[in-house]
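Working notes, structure below.
The values are calculated or read from the model by the stated rules, or taken from the named source; none is laboratory data. Quick caveat, the model's predicted, so the values are computed rather than measured. Methodologically, a virtual Cβ is constructed for each residue, glycine included, from the backbone with ideal geometry; neighbour enumeration extends over all protein chains shown.
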């Protein structure tokens, strides 16, 4: 086997390990955020939880795509399919957040404080920063648009974690919602 093929296989294996960890982490993060969001009546926490499950969907489709990585003929088709799935998930999340936000603003429904939400946002901020760097490295080395898109989605999760944390802290400290 040529050295380039062995190196690609090693990098692809690292990418798979990152995806398995990400899926496990996002299942836990999503569950905690959804429960905390439901208890606090917080759209931002619920949306964050839903985004975690979108990352699970993205990671699962990326794992599938990486499982067939050695088949060069279908690699490009699988990349496009993976990108469409991730894009559709983001579109659905955007619609949900827009609808719920407008509804809550019109009814002036303020969320409760959420210490569990603050904790999950802090931990997520750190975990997602580390994952993003690792995924970008793998995506760059594989030349994978799907892995790079997944890394960008992880960057989005970093931003969401920071915004969520700021919003939850402003709610607790100043009562802003």
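List pairs: first residue in the range 111-138 and under 15 Å from residue 163 (Cα atoms), second residue outside any helix (DSSP H, G or I) anywhere in the structure, Cβ distance under 7 angstrom, at least six positions apart or on different chains. The qualifying pairs are 114/42; 117/42.
Sub-7 Å Cβ pairs linking a first residue in the range 152-170 that is touching a residue at least 60 places away in the same chain (Cβ under 8 Å) and at negative phi to a second residue that is outside any helix (DSSP H, G or I) and buried (at least 21 other Cβ atoms within 10 Å of the Cβ), at least 6 apart or interchain, are 168/114, ordered by first then second residue. Checked against (1) buried (at least 17 other Cβ atoms within 10 Å of the Cβ); (2) part of a helix (DSSP H, G or I); (3) modelled with pLDDT under 85, residue 177 meets all criteria but (2). Considering every residue within the range 63-73, establish whether at least one is in contact with a helix residue (DSSP H, G or I) (Cβ under 6 Å, 6 or more places away or on another chain), over 28 Å from residue 100 (Cα atoms), assigned to a helix (DSSP H, G or I) and modelled with pLDDT of 75 or more. Yes.
Among residues of the range 113-147 being surrounded by 13 or more Cβ atoms within 10 Å (Cβ to Cβ) and in a loop (DSSP other than H, G, I, E, B), the one that is modelled with the highest pLDDT is 114.
Table: residues versus (1) more than 20 Å from residue 128 (Cβ to Cβ); (2) in contact with a helix residue (DSSP H, G or I) (Cβ under 7 Å, 6 or more places away or on another chain).
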residue: 30; (1), (2): no, yes
residue: 89; (1), (2): no, yes
residue: 94; (1), (2): no, no
residue: 101; (1), (2): yes, yes
residue: 109; (1), (2): yes, no
